[in-house]
């Protein structure tokens, strides 16, 4: 592992990331970031959510959390809401667990809410780091797997940037369904997916899980990545609608409330896809995180995030 210099550089970049709020600051910081990780490429140690962890060089998660403190608020809130509704510690399935930052976040922000976190990761380097970072956490179970809508093979994972991998590779990789992966698992209360355009396929491969457990589902909705991986950005909504999910709470890529939809509104979803695909959002790489609730879920959409969504109009105007 690299020594003191890359750790100091990583720490300095993390502490200074808020200079990116200005155009000049963003340009200068970005150059320093790229220069650092062209020079250093091996893993390094840092702290994430109170834990000393190992990350691959240039892993951006700490910077994202520092620059946008609301970045992962929707996930923490739906875990807390599921815990309150169930009146017991819950089970979270985390698809696209990367190096373990999601598990560490939940255990830091909602330590009394979870009984178990099942971390699913298909990228070999991320999974090795994940094993190292959560080895002392009794709540965490690990699954090395690439998930899809059916068992078989998919395009292999390819690193699109230092913080994520997407199914864009030239080789074939074995894939399983979430139904098969969790066939012998007890109840699932929250299902989270963040797998770069493959979220619809992952959710489609969880039909039994959705019907049997009716978990709250939170997924990344990134139309550009859906197209890049040959997937349909309408699919997660079609699958969830088919399985009785009737409320969709939308958040911006920064974790801020956008709007709530009652029922999967095809035209509203298409309009939002156009914003993302045409780079018409407030920033580049615009996308959303969506929480879906089953018709029988005791969780009230109007209380998610403590943001009083009930005051929003039905199928209200989205916050772009």
* Percent antiparallel among DSSP beta bridges (both partners in the chain, rounded to 5) -> 60
* Structure fact -> Expected max-MSF residue from 298, 60, 282 in the GNM of the chain (alpha carbon, under 10 Å) is 282
* In whole Å, what is the distance between the alpha-carbon centres of region 81-120 and region 44-79? -> 15
* Structure fact -> Mean-square fluctuation maximum in Gaussian network of the chain, Cα pairs under 10 Å, restricted to 47, 109, 38, hits 38
* **Stokes-Einstein D (µm²/s) once Rh is taken as the Kirkwood radius of the chain over alpha-carbon pairs, at 25 °C in 0.890 mPa s** => 122
* Asked: By count of other Cβ within 10 Å, fewest leading, how are 119, 276 ordered?
  -> 276, 119
* Structure fact -> the chain: relative contact order from alpha carbon pairs under 8 Å, six or more residues apart, as a whole percent, is 14
* **Sequence of 271, 112 once ranked by neighbouring C-beta atoms within 10 Å, starting from the fewest** => 112, 271
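Can you work out the FRET efficiency for the pair residue 45 and residue 256, with r the C-beta to C-beta distance and R0 = 45 Å, to the nearest 0.05?
It comes out at approximately 0.90.
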* **Gaussian network model of the chain, springs between alpha carbon atoms under 10 Å - residue of 194, 232, 278 with greatest fluctuation** => 278
* To do: Based on other C-beta atoms within 10 Å, arrange 248, 219, 127 from fewest to most.
  => 127, 219, 248
* **Label point distance in nm, residue 151-residue 211, each placed 7 Å from Cα along Cα→Cβ** => 1.8
* To do: Please give the calculated 222 nm ellipticity per residue for the chain, where each DSSP H segment of at least 4 residues contributes -39500 (n - 2.57) and the sum is spread over every residue; nearest 500 deg cm²/dmol?
  => -10000 deg cm²/dmol
* **Potential lengthening between residue 270 and residue 227 on full extension [0.36 nm per residue; Cα-Cα distance subtracted]** => 14.1 nm
* Asked: Dividing the convex hull volume of the Cα atoms of region 4-66 by its residue count, what figure in Å³ per residue is obtained?
  -> 70
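Only the coordinates and a few stated rules stand behind these numbers; no lab work does. Quantities reported herein were computed from a predicted structural model and do not represent experimental measurements. Virtual Cβ from ideal backbone geometry, glycine too; neighbours counted across all protein chains shown.
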